[in-house]
Structures are given as C-alpha cells and as structure tokens.
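Data block below; observations after.
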Amino acid sequence: MRDAMNDPAPAPPQRSSLTDRNLWLLYIAFLVVGFNAAVPMVFGTFFFKKSADSSQYFWIALLFAVPALMAFIGQNYWGGLFDHSGHYKPFIVVSFLVASAAFLMLSLVESAAGFIALLGFGTFFSVALIPVGQVYATVTYERDKGRVLGALFAFESLGWGLACLMVRTSWVELPSPDFLDRLFQLSLGLSLFTAVVMQLFFHAP
C-alpha cells in the first residue's frame, strides 16, 4: 500500500503531433494571427501619408507602441482568465470574430486617433489565442512542448512574412487607401474563416 502511494502516477500518453487535428488548427490560427498583425503594422503607414506635417510621425510611432502595449496587457489578461475557465474554443473563436469586426471598422475609419484606437482594441482581443495555444501545447505535449511551441510561433512568423509579400500583388498599383482597404478585407475574410473552422473542428478536452 505504501509503495503504491509513493509511486508517481504514470505519465499520460503523448499524442502524435502529426495526427493531432487540434494542433494543426492552431498552426493555421497562429499563421492568421501573424498575418493580421503584420498588415496594419507594415502597411498602416499609408493611412497617415495624407498628413504632410510632422504629426504623421507621432501617429506612426503610436501605430507600433499601442498594439505592443495592448498585446502585453491582453496576453496576461486572457492567460489569467483562461486559467479559471479551461475552455479553449470560446477564447479562440471570439478573438477571431473581434478581429473581423476590427478590420471592418479599420476600413471605414477616417481619423488617425480612431485608427490607432481600433488597432489597439483588435490587438487586445486577437492575442487571446497566444496563451491559449501555449497551454494546449504545454499540457498535451508535456515531453515535447519546446518543439511544439516553437512550431506555433514559426507559423506566426510565416504569417508575418506572407503579409509582407502582399507588396508583390497587383493591388499595389491601386491608390494607397484602396490598397490598404483590400488588405483589411483580406484579413477580415481570413479571420472569419478561421473562426468558423475553429468552431466546427477544434475539440480539446
């Protein structure tokens, strides 16, 4: 009896990352999050080109500073909230639905302050995926979590790269506002698609 009590509990069986549908869905989600983050950060400066005075540089600085601050706050907030919930899907799906709404409004806003505020709002919600994905990788792949976490962030970086390559599309021939609106519409569509796919096919315990 004593030996049975002192023996450590057997480790749960490890899942194969190649056949784990949830993990592949998270790879797609991280890729879309990276793409969505890069679009306004890389091409958002086009929004401020119409301002010829020095204030445009202030807004461009906020273009990077506000999302960085909201990502810092959001990841800590959503991570703590998820610790008390334990339900993956609501956090993931809602983050992409809010991202969709944010990109829709970004294509309609006209003021620099409104643009920055919407970007910060969207960032706060979109980063909910990151701590939730990290928890899934850590819990499900306890012995291999370093490699799985690395793969998740590699897909996020891939999304950044794909967004940057949008300068090689025919859209760059459009005027700056129209080009930016096309990118926002693309991010909107990708976000909605990801929200639907995650709602239908992501099933984590």
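The values are calculated or read from the model by the stated rules, or taken from the named source; none is laboratory data. On a predicted model such as this, the values are computed, not experimentally measured, just so you know. No Cβ is skipped: glycine too gets one built from the backbone with ideal geometry, and neighbour counts run over all protein chains shown. Please note that ligands, DNA and RNA were not included when accessible areas were found on the heavy atoms of the full protein model with its side chains. Shrake-Rupley method; radii C 1.70, N 1.55, O 1.52, S 1.80 Å.
Numbers for the structure displayed
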quantity	calculated
Mean separation of Cα contacts under 8 Å (6+ apart) over length of the chain, as relative contact order %	41
Value in Å of the Kirkwood radius, where region 93-205 supplies the Cα pairs that are averaged	15.8
Extension reserve of the residue 173-residue 142 stretch, reckoned as 0.36 nm per residue once the Cα distance is removed	6.3 nm
For the chain, the spread of Cα positions along each principal axis, largest first, Å	80, 31, 26
Table column - 3J(HN,Hα) (Hz), region 194-205, Karplus curve with 6.51, -1.76, 1.60, x for Gly and Pro	5, 4, 5, 4, 5, 5, 7, 10, 8, 9, 10, x
Acute angle (nearest 10 degrees) that the helix 112-126 long axis makes with the longest principal axis of the chain, alpha-carbon atoms	10
With Cα atoms, 0 to 90° folded angle of helix 55-85 axis to the chain main axis	20
Potential extension, residue 85-residue 56 segment - 0.36 nm per residue separation minus Cα distance	6.2 nm
Range of Cα positions in region 19-125 per principal axis (Å), largest first	53, 27, 19
Residue 46-residue 76 pseudo-label distance in nm [points 7 Å out on the Cα-to-Cβ vector]	3.5
CD proxy at 222 nm, helix term only [per DSSP H run n ≥ 4: -39500 (n - 2.57); per residue of the chain; nearest 500]	-25000 deg cm²/dmol
Protein accessible area in the chain, 1.4 Å probe - carbon and sulfur %	68
Å² per residue, accessible surface of the chain at 1.4 Å	54
Separation in nanometres of the label points that stand 7 Å from Cα toward Cβ, at residue 69 and residue 157	2.9
